[in-house]
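The values are calculated or read from the model by the stated rules, or taken from the named source; none is laboratory data. The model shown is predicted, which means the values in this text are computed figures rather than measured ones. Reconstructed Cβ throughout: ideal geometry from the backbone, glycine too, with neighbour counts over all protein chains shown. To get the accessible areas, we keep the full protein, side chains included, count just its heavy atoms, and leave off ligands, DNA and RNA. Shrake-Rupley method; radii C 1.70, N 1.55, O 1.52, S 1.80 Å.
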Amino acid sequence: MEVLMSQPNFAQEKSIKIYEKTSEHSSYQDSLLFIRDLAIMLRLSQQCVATAQFYFNSANISFFSISSDISSYDSLLLATSCLFIAGKALEQPRHLELFCKVFYDRRSAIQIGKNSRLQIPPMSKAMLEKFKQSIIYYEFIILNTIGFSTYIPLPYSYITNFVNLTDLDVKTKDSLLRCANSFANDSFRSLVALKKNAENIGRACIFLASKYLQIETTISADPETINFILEWYNN
């Protein structure tokens, strides 16, 4: 089952429009980058990052359908829970306590970066239990939001298959593949994956990469999908 929101109902559409205006706020982008940073620390794949970022945007829209108050939940803990689920969904599980430790270490580093005089104590057992319960709490909300179907179609396999079937030389193929995958990575920091399917996104990423690298390909792409991706760079 493809988890897509390309044809949302009226309530979902309204929530998406509200979220689109607020998702440009640095706190949301910071949370999406937080997912990437945790994945690096936990040695999780880019597929895990993209899946978790999809969950994060879906869950945020669910929150916004109830309240547009960004202080009503901990976005970094929500982001952590999204990655926790993605790791299990893609058979790259990590222990919950390790997630809590990495979450605390990364959040502490961010806080110290903002205030070098800040003294942050080691994580206590009580704090560990609190973080574990919070991640589990958000996990249920996320799973309920996505209908307990954790599989998210991603554009990477389409990109790889298309590039491999071109008549380009090996070096050019590699450059095109890297650039298209980079566009795909960034696309999950926007809402395009909630509106367009994986093939549309893959085609748009290849199209943008070929234009950026000035490589001739036979790819055609949906203009709306291209614009959704480009809007993120313009914000």
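Please calculate how many Å² of accessible area the chain carries per residue, with a 1.4 Å probe and no DNA, RNA or ligand atoms counted. With all protein chains present, the chain gives 53 Å² per residue.
In units of the compact-protein estimate 2.2 N^0.38 Å, the chain shows a Cα radius of gyration of 1.06. Here the spin labels are modelled as points 7 Å beyond Cα on the Cα-Cβ line, and at N234 and Y212 they lie 1.7 nm apart. Between I112, I215, I136, the GNM of the chain built on Cα springs shorter than 10 angstrom shows I112 fluctuating the most.
Using only helices, what value at 222 nm comes out for the chain when you add -39,500 (n - 2.57) per DSSP H run of length 4 or more and divide by the total residues, to the nearest 500 deg cm²/dmol?
Numbers: 11 runs with 163 residues, N = 235.
Calculated at 222 nm, the ellipticity per residue is -22500 deg cm²/dmol.
Summarising the label geometry, the points placed 7 Å from Cα in the beta-carbon direction at E129 and S116 lie 3.8 nm from one another. Can you tell me what percent of all Cα-Cα pairs in the stretch 118-167 are more than 16 Å apart? Cα-Cα pairs in the stretch 118-167 separated by more than 16 Å: 67 percent.
Taking 0.36 nm per residue of separation and subtracting the Cα-Cα distance, what length does fully extending N197 through E91 add? Before the final figure, lay out the partial values.
Values: separation 106, 0.36 × 106 = 38.16 nm, distance 2.27 nm.
Length difference between fully extended and current span is 35.9 nm.
Note on the stretch 27-137: the alpha carbon radius of gyration divided by the globular reference 2.2 N^0.38 Å gives 1.05.
Could you work out the relative contact order of the chain, using alpha carbon pairs under 8 angstrom and six or more residues apart, expressed as a whole percent? Relative CO of the chain lands at 24 percent.
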